[in-house]
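Inspection log for the structure reproduced underneath, given as structure tokens.
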Amino acid sequence: MPNYRIIVDLSQRMLYLLDNDVVTRGFPVGIGKMLTVSPVGEYTIINKQPNPGGPFGAFWMGLSKPHYGIHGTNDPSSIGHMVSHGCIRMYNADVLALAALVSIGTRVTIRE
């Protein structure tokens, strides 16, 4: 049984999926703007919602920090840039692949 956790590296603009501390997948992400930076710290995934609508793309995974999450996008050109209000933005295909692997309660570390 996999023991997944997520590390978001803001300086690399990458999200890594780890299984027992071994990186199994890496995904490019869009992160918070200068004025609305992504919150550094330790969180967990507290909810999952397919097709949340609006700018959140194909899937939303809410974090234990209120109003923050990992989600898809309706603007794929934003991936790799500092564009969001602090959320972690992924390509829709990537967020769907990630959401299929991780469950509610998965640890998420956001680091500089």
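Looking at ILE31, is it of a type in the set (Val, Ile, Thr) and buried (at least 20 other Cβ atoms within 10 Å of the Cβ)?
Yes.
Could you tell me whether region 11-19 includes any residue that is part of a loop (DSSP other than H, G, I, E, B) and among the polar types (S, T, N, Q)?
Yes, some residue in region 11-19 is part of a loop (DSSP other than H, G, I, E, B) and among the polar types (S, T, N, Q).
Could you check region 69-112 and list, in sequence order, the residues that are of a type in the set (S, T, N, Q), outside any loop (DSSP other than H, G, I, E, B) and either surrounded by 21 or more Cβ atoms within 10 Å (Cβ to Cβ) or in contact with a Ser or Thr (Cβ under 6 Å, 6 or more places away or on another chain) (or both)? Before you say what the answer is, go through the steps one by one.
Within region 69-112, the first condition is being of a type in the set (S, T, N, Q), and the residues that meet it are 73-74, 77-78, 84, 92, 103, 106, 109.
Of the ones still in play, those that are also outside any loop (DSSP other than H, G, I, E, B) are 77-78, 84, 92, 109.
The one that is of a type in the set (S, T, N, Q), outside any loop (DSSP other than H, G, I, E, B) and either surrounded by 21 or more Cβ atoms within 10 Å (Cβ to Cβ) or in contact with a Ser or Thr (Cβ under 6 Å, 6 or more places away or on another chain) (or both): SER84.
Can you tell which of PRO50, PRO66 is open to solvent by 70 Å² or more (accessible area, probe 1.4 Å) and touching a strand residue (DSSP E or B) at 6+ places or on another chain (Cβ under 6 Å)?
PRO50
So VAL29 ticks every box in (1) in a strand (DSSP E or B); (2) touching a Gly at 6+ places or on another chain (Cβ under 6 Å); (3) within 21 Å of GLU112 (Cβ to Cβ) but one. Which box is left unticked?
Condition not satisfied by VAL29: (2).
Please name all residue pairs, on different chains or six or more residues apart, with Cβ atoms under 7 Å, provided the first residue is in region 85-112 and is on the phi > 0 side of the Ramachandran plot and the second residue is surrounded by 18 or more Cβ atoms within 10 Å (Cβ to Cβ) and not in a helix (DSSP H, G or I).
GLY86/GLY32; GLY86/SER38; GLY86/TYR68; GLY105/ILE45
What pairs come out if I take residues in region 18-33 that are closer than 13 Å to VAL102 by Cα and of a type outside the set (A, V, I, L, M) and pair them with residues that are at pLDDT below 95 and open to solvent by 40 Å² or more (accessible area, probe 1.4 Å) whose C-beta lies under 7 Å away, six or more apart or interchain?
Listed by first residue and then by second, the contacts come to ASP19/PRO2.
Starting from region 39-66, keep only residues that are assigned to a strand (DSSP E or B), then list their pairs with residues that are of a type in the set (D, E, K, R) whose Cβ atoms are within a distance under 6 Å, requiring at least 6 positions of separation or different chains.
Every condition considered, the pairs that remain are TYR43/LYS65; THR44/ARG107; MET61/LYS48.
The values are calculated or read from the model by the stated rules, or taken from the named source; none is laboratory data. Everything numeric in this text was worked out from a predicted model, so none of it was measured. Methodologically, a virtual Cβ is constructed for each residue, glycine included, from the backbone with ideal geometry; neighbour enumeration extends over all protein chains shown. These accessible areas exclude ligands, DNA and RNA; they are computed on the full protein's heavy atoms, side chains included. Shrake-Rupley method; radii C 1.70, N 1.55, O 1.52, S 1.80 Å.
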